[in-house]
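The structure appears below as structure tokens.
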Amino acid sequence: MSNTLLAEVASRRTFAIISHPDAGKTTITEKVLLHGRAIQSAGTVKGRGSGQHAKSDWMEMEKERGISVTTSVMQFPYNSCLVNLLDTPGHEDFSEDTYRTLTAVDSCLMVIDAAKGVEDRTRKLMEVTRLRDTPIVTFMNKLDRDIRDPMELLDEVETELNILCAPITWPIGCGKLFKGVYHLHRDETILYQTGHGHTIQELRIVKGLDNPDLDAAVGSDFAEQLREELELVRGASNEFDKELFLSGELTPVYFGTALGNFGVDHMLDGLTEWAPAPMPRETSERTVEAGEDKFSGFVFKIQANMDPKHRDRIAFMRIVSGKYTQGMKMKHVRIGKTVNISDAVTFMAGDRERAEEAFAGDIIGLHNHGTIQIGDTFTQGEDLKFTGIPNFAPEMFRRIRLKDPLKQKQLLKGLVQLSEEGAVQVFRPLDTNDLIVGAVGVLQFEVVVARLKSEYNVEAIYEAVNVATARWVYCEDGRKLEEFKRKCSTNLALDGGDNLTYIAPTMVNLNLSMERYPDIQFAKTREH
Ligand code: GDP
């Protein structure tokens, strides 16, 4: 492997933000981009009501609701690193997308509303990151408000999320009396100034904890309190330990306010210094290292119409090893064909640009004309299949019906394509001509009808359907599977990828069938 390749790979940091809705993910994304010099002033990523919308806000509905339905990728330089930030949809109805995006990153930033502490969705997302022991950096946000006791917050993270906390900064006051943070590793106090949220502030720093300037800057009461608290903090909390961080057992914790753009840079300094460069990934054949010469990557996300002027679909690929160069040939392993990739896109700072080169850890977008599915592996010839990209059994079901029955073909095409993207799942019962749409959250149904109309020109409506849950079924024994299919055909369907699924009218029915057919495997997730 060449040194330039290794240096490029070593400089990559690819991460995503996990948080509960409203904790401040969008705001912190904006400030991160500001520090990465990727935007000129904050307020352009998701300008609610300002008429300016992020590039990812491709859908009217999304604009109206002000939620980010899509996943986008932003790349920017910071310190000596090239950082890839993968945005995840915040709305819980799109959690499948979020889960899959988390398979494409090497670390996560957990943003917590410090007035609220650990919330539901953070808990769920942390569970997902635990599956791969992804390293976590924590940002306690909204220090410009009255927050909960910082010590208590760390306690809560430790007990509820089962990860040790190592404070890197410590807050001085909060709300109207928020004075700044003391940086435990740099032994300096960085003073907060209000009213500079949209710009990069000139830092006001007081060196040393015993420096009388500190008393002058924050008031002697606060200074004294800080000194006392820090003794306690140093005694009671964990020191940062890089090994434990990299194994996902300990998180460095930063305090600040995304809105006030304070503390975000401290967090970024830590993330670029400590978070791992592109990590190896498993395939069903072998482990692939990021520094390998030969290119490989997997598709974790497909998204349509990011740019309304180009009605194409983009397959997001995480490069696992090697280097992409424009015009290179790649093997699309699932279909066994070599394809010429001449026009991949990168996501530098929100604007789509033509990628000349990209390296392990980077995300590139391939134009997809229906041949690429989530989970697909691309290589420079080797037959590999990356593992661990999940599909989740939907929990809500509707029958979908056309207003104009002549458009059945378009409807099916649209649904299959949308299911390949992971926007929704479609089931075709073996015994009927119904089309059943399954989703993890209710908003997905609305998105699908809106997209069917705008992209496929079909008007569809939903009806209630008697399906409570679905499981993918597998059986090693072909004969037993055939028998099962014969006896249970009324409850069997094919999904968008023609995989056999059991669609159960009730949980009781599912449990009975599982008891009755012990040789059949009923799976709640399916790997792409
Ligand atoms: P998301 O849902 O996690 O993307 O959260 P947003 O970034 O959209 O923030 C939710 C709300 O919290 C918005 O009204 C923000 O202006 C506000 N917010 C975000 N960060 C801060 C902060 O540091 N302080 C205060 N006071 N409000 C914040």
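Quick look at the numbers
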read-out: Coil-residue trypsin sites (Lys or Arg not before Pro) of region 174-205, DSSP, other Cβ within 10 Å capped at 16; value: 186
read-out: Ordering of 275-285, 24-34 by burial proxy (mean other Cβ atoms within 10 Å per residue, highest first); value: 24-34, 275-285
read-out: Förster radius 51 Å - calculated FRET efficiency between residue 243 and residue 406 (Cβ-Cβ, nearest 0.05); value: 0.20
read-out: Positive-end extreme of charge dipole, the chain - chosen from 443, 190, 212 (charges on Cβ); value: 443
read-out: Kirkwood-based shape ratio for the chain, expressed as Rg/Rh from alpha carbons; value: 1.00
read-out: Sparsely packed GluC sites (Glu not before Pro) within region 108-215, loop by DSSP, other Cβ within 10 Å at most 11; value: 202
read-out: Crossing angle, helix 25-35 versus the chain [Cα axis fit, 0-90 degrees, rounded to tens]; value: 60 degrees
read-out: Fraction of beta bridges assigned by DSSP in the chain that are antiparallel (%, nearest 5); value: 75 percent
read-out: Point-to-point label distance, residue 490-residue 508, nm (Cα→Cβ direction, 7 Å offset); value: 1.5 nm
read-out: Whole-Å distance, taken between Cα centres, linking region 453-528 and region 178-196; value: 56 Å
read-out: Prolate/oblate/rounded call for region 197-276, Cα gyration tensor, a/c under 1.5 rounded; value: oblate
read-out: Net dipole in debye of the chain [+1 Lys, Arg Cβ; -1 Asp, Glu Cβ; about Cα centre; nearest 20]; value: 2320 debye
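Quick note: the coordinates plus some simple rules give every number you see, no bench work behind them. Values in this document were obtained by computation on a predicted structure and should not be read as measured data. Cβ sites come from the backbone with ideal geometry, for glycine too, and all protein chains shown count toward neighbours.
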